[in-house]
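Structure, as structure tokens:
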Amino acid sequence: MPYISTREKNPNPVCAAQAIRAGLAPDGGLYMPQSLPKIDRQTLCSLAALPYAQRAAKVLGLYLDAYTEEELLTDTRMAYSVEKFGENPAPSHTLPDMRILELWHGPTCAFKDMALQLMPRLFSRALVKCGEKRTALILVATSGDTGGAALAGYRDVAQTKIQVYYPTDGVSAIQKAQMRSQEGKNISVCGIYGNFDDAQTGVKTLFADSDLNTVLDKNGVFLSSANSINWGRLVPQIAYYVSAYCDMVADGTIRCGEETDVCVPTGNFGNIFAAYLAKCAGVPFGTLVCASNENDVLTEFLCTGTYNRKRPFHTTISPSMDILISSNLERLLYLVAGADKTAAWMCSLAEKGEYTVDDETLCKIRETFTGLCADENETRQTIREVFEKDNYLIDPHTAVAVCAARKYKKDNNAHRKMLTVSTASPYKFAADVLYALGKTDAPQDEGALYALRDKTGAPLPAPLSALAGKPIRFPACIEKEQMRENVLTFGTESV
Ligand SMILES: *Cc1c(COP(=O)(O)O)cnc(C)c1O
């Protein structure tokens, strides 16, 4: 299956392995399959009989014909093993008014594990398939969840090394402890004195530094990234939507073929776009509710057709959704309006900070998508309500989605079932969750884990309770000017 860029400026289609190896297309666009595959109803419902790794391998096979069935099954079994995810990598919880899909049972307790446990395996195979002999050095700047999940995913993966930079005062105590104690031979972690922008700008500068890249190349190393615009990170996410639908059919929540709505807490638009791809493949999804926090750029876009990133940036208790440029929206625009219009809108976004789509495009998008947002008070109130009424503990990102799903149901008198995606363990944001539950003197450090457990009795995930006993392997913190030297040292040393 050929892959092309959303901006279609480069004429040559590439195979799935090349798209995964490259990440971004040479014209600055994102890779998409030239046509979208379909899965018929009978095949879809027959997947319900299979365990998660097999379901995922089947779904991946629809999109990744550069990989054999056997390769995909080996990779999904390794990625979603019992040791890493427990018995069920993507279980559901039933609330009176909706179904919750829990995607945080992986090694770092956030949904990014679902993609980042698998993508490095697809990536290292892609290197072999493309004849790439050099080692990939994955450079990551993180404001929290991505760093930990990328480290856990790339650890000890063939032909790769990974180095993560985080703002030393800009991540939570738990996120910091996770990264600094991460095991694996091919990894490196370093704090930066500065904010997330300093770390990200530093990394971007290094990608563009031709002298650095030449020296690395002489040592058989090239730089690569692990961010969510890579097709290899998107395609594993389609699998859990298919799987969740199968589970709802299997336990009688819906009939095979019955439509269900889906609500997703959204930042970079990767997760909800995977739901859309599942719908395009034939999974009977109705409306996709795009839930945002106070950074409501997508809510406004889905309402008015204008995407405007020139707005105040809000720091919220759902930090992984504090995003003003939702990169994967480009893929939706491409599918709905084509490459020429998409390229023009992206150009306008880069130059003027905004763009407005035509009525026809907006209309088509709104046939499937609705945007709703929740402010900080509504988010905290939702955490408290769901805990007090339903005895179920959710994290702030999930709470934004539950709040949006309830608004949608109220406004639309919706008759369909709702599947709401839960993207992080509440323990990952223990201090904020405690505050929402009314505990105003909660500890801000790892002590919050135990305070939350004592207050709620919800099971504390093993990867988080294990943190306390783990030695800090990477205590270093450097000035941003030292990043280049640091990359060079790690890139050229043998592991
Ligand atoms: C990354 C993240 C999101 C946002 O997902 P996108 O694919 O970027 O839209 C939501 N919740 C959590 C906990 C995350 O880590």
Exercise. Is it fair to say Glu300 is more than 19 Å from the chain's Cα centre (by Cα) and either charged (D, E, K, R) or surrounded by 23 or more Cβ atoms within 10 Å (Cβ to Cβ) (or both)?
Worked result: yes
For this session: From the list Ile238, Ile272, Ile229, pick out the single residue that is touching a strand residue (DSSP E or B) at 6+ places or on another chain (Cβ under 9 Å), part of a helix (DSSP H, G or I) and within 16 Å of the ligand (Cβ to nearest atom).
Result: Ile272
Problem set entry | Long-range neighbours under 8 Å by Cβ, at least six apart or interchain, first residue on the phi > 0 side of the Ramachandran plot within the range 431-448, second part of a helix (DSSP H, G or I) | Gly438/Arg384
Exercise. Quick check, is Thr108 over 24 Å from Gln18 (Cβ atoms), among the hydroxyl-bearing types (Ser, Thr, Tyr) and within 16 Å of the ligand (Cβ to nearest atom)?
Worked result: yes
For this session: Evaluate the range 276-283: report whether one residue or more is over 24 Å from Leu116 (Cα atoms) and more than 16 Å from the ligand (Cβ to nearest atom).
Result: yes
Exercise. Given the conditions (1) in contact with a strand residue (DSSP E or B) (Cβ under 6 Å, 6 or more places away or on another chain); (2) within 16 Å of the ligand (Cβ to nearest atom); (3) among the hydrophobic types (A, V, I, L, M, F, W, C), and given that Trp345 satisfies all but one, which numbered condition is not satisfied?
Worked result: (2)
For this session: Would you point out the residue of the range 391-445, among those that are touching a strand residue (DSSP E or B) at 6+ places or on another chain (Cβ under 6 Å) and hydroxyl-bearing (Ser, Thr, Tyr), that is farthest from Met98 (Cα to Cα)?
Result: Thr423
Exercise. Which residue out of Thr76, Thr43 is under 15 Å from Leu234 (Cα atoms) and of a type outside the set (Asp, Glu)?
Worked result: Thr76
For this session: Looking only at the range 241-248, decide whether some residue is more than 22 Å from the chain's Cα centre (by Cα), assigned to a loop (DSSP other than H, G, I, E, B), surrounded by fewer than 23 Cβ atoms within 10 Å (Cβ to Cβ) and touching a residue at least 24 places away in the same chain (Cβ under 8 Å).
Result: no
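Where a number appears in this text, it was derived from the coordinates with a stated rule and is not lab data. On a predicted model such as this, the values are computed, not experimentally measured, just so you know. We place every Cβ from the backbone using ideal geometry, glycine too, and count neighbours over all the protein chains shown.
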